[in-house]
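Reviewing the structure listed below.
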Amino acid sequence: EPLDAGELSLAALTHHISIAPGKMFSTGENWSRFFRFNTAWQWGEREEQAVKQLGKLIQERL
């Protein structure tokens, strides 16, 4: 079953990680398994840990 980015977004928020589910950028359901992750700030330990945690959350849902 494909990843539900909306559900992933809610799970990520519990870890203070914000992602934008693909549905936010489309009127169709075709993008429900995609998300956007903003990396427009300076990269550091906090961002690296957030990406690792996001990876764990994704693995749990696949």
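Read-outs: derived from the displayed coordinates by stated rules, not from any lab. The model shown is predicted, which means the values in this text are computed figures rather than measured ones. Neighbour counts run over all protein chains shown; Cβ positions are idealised from the backbone, glycine included.
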Legend entry - Those chymotrypsin sites (Phe, Trp or Tyr not before Pro) in the chain that DSSP places in a loop and that have at most 10 other beta carbons within 10 Å: TRP41, TRP43
Legend entry - Rule-of-thumb Rg ratio for the chain [Cα; 2.2 N^0.38 Å; N residues]: 1.13
Inset, instruction - Note the full-extension length gain between TRP41 and PHE25 as 0.36 nm times their separation in residues minus their Cα-Cα distance, in nm to one decimal. - result: 3.6 nm
Legend entry - MRE, 222 nm, helices only [DSSP H, n ≥ 4, -39500 (n - 2.57), over the chain, to nearest 500]: -13500 deg cm²/dmol
